[in-house]
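Encoded as C-alpha cells, the structure appears first; notes follow it.
Values quoted throughout were computed directly from the atomic coordinates according to the rules given, and no laboratory measurement underlies them. From a predicted model like this one, the values you see are computed outputs, not experimental measurements. Here Cβ is always computed from backbone atoms with ideal geometry, including for glycine, and neighbour counts include all displayed protein chains.
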Amino acid sequence: MSPPVDDHETTGPPDRETLRLLERHLASDSLVVKTAFDPDRFEPRLLRVALDADQYPAAVETARLDVRWFTTGDFSIHYVEDQGRWECRWDRHPNGHNTRLYFHLPPNGAEITDLSLSSLHPLDLYSTVLTAIEARIETLWDGTGQ
C-alpha cells in the first residue's frame, strides 16, 4: 500500500495548526522516539513519527506513523512496521471506492472497509490510533500477531 497522494484538489491544503497539535501530543507519548515535519516545521505537509522499536518484540525492527491532515477535515494516518511488512491506514477523503471515511486493513492495507468513528476531532483520532497500535504491540508480544 502506498501513502495517499497530497492532492489539494480533493483534500484541500495541509492543516498546519492541526499537524502541530498532533506533533506536540505525539512527541510527549512514551511510544514515540522522534517526530519530524516534511518538508519542515514552518510549512508542514506531513508529520513523520518514529515509534520506539524497543517496545516491540525483536521481529519488528522499525515502526512509524505518517500523518497528513487537511483544512477540509480530511486526513490520512498510515501505520507501518518494517517498511510495509505490516501496515494499515485510517483515511478520510473523497474517493471512488468507499465512503469518505474508511480503513485499510492490515497486514498489507489492500482490503478496505468503511469506518465509523464517534468523533473526528484530531485528538480523538490520535487516541484511536495509539490505542490500536498498543493493541497491535500486545498481540505481537503474546504471539497472536501476524
Fill in the blank from the handout: Contour minus Cα-Cα span, Asp82 to His121, at 0.36 nm per residue, comes to 11.2 nm
Exercise for the section: On a 0 to 90° scale, report how tilted helix 16-27 is relative to the longest principal axis of the chain, with both axes built from alpha carbons and the result rounded to the nearest 10. Expected result: 20 degrees
Exercise for the section: In whole Hz, with x marking every Gly and Pro, tabulate ³J(HN,Hα) for region 111-117 from phi via Karplus 6.51 cos²θ - 1.76 cosθ + 1.60, θ = phi - 60°. Expected result: 8, 10, 9, 4, 10, 10, 10
Handout entry: Under the Karplus curve 6.51 cos²θ - 1.76 cosθ + 1.60, θ = phi - 60°, whole-Hz ³J(HN,Hα) for region 31-41, x wherever Gly or Pro sits
Key = 7, 9, 9, 7, 10, 8, 9, 10, x, 6, 6
Exercise for the section: Within 10 Å, count the other beta carbons around each residue, average over each peptide in 50-60, 100-110, and list them highest first. Expected result: 100-110, 50-60
Problem - Interchain or long-range residues, amide H under 5 Å from Leu115's placed H - result: Leu101, Tyr102, Phe103
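For Thr113 and Val33, compute 0.36 nm times the residue count separating them, minus their Cα-Cα distance, and round to one decimal in nm.
Gain in length upon complete extension: 25.8 nm.
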Fill in the blank from the handout: Which of [x] 14.7, 44; [y] 14.0, 44; [z] 17.6, 62 gives Rg and Dmax of the Cα atoms in Å as computed here? It is [x]
Handout entry: Choice from Thr18, Thr35, Thr128 showing the highest fluctuation, given a GNM over the chain with Cα pairs closer than 10 Å
Key = Thr128
Exercise for the section: State to the nearest 20 debye the size of the charge dipole of region 10-141 about its Cα centre, where the only charges are +1 on K and R beta carbons and -1 on D and E beta carbons. Expected result: 320 debye
Completion exercise
Going residue by residue through region 136-145, the Karplus relation 6.51 cos²θ - 1.76 cosθ + 1.60 with θ = phi - 60° gives ³J(HN,Hα) values, rounded to whole Hz and with x marking Gly or Pro, of 4, 4, 4, 5, 5, 5, 8, x, 9, x
Handout entry: Interchain or long-range residues, amide H under 5 Å from Thr62's placed H
Key = Asp82
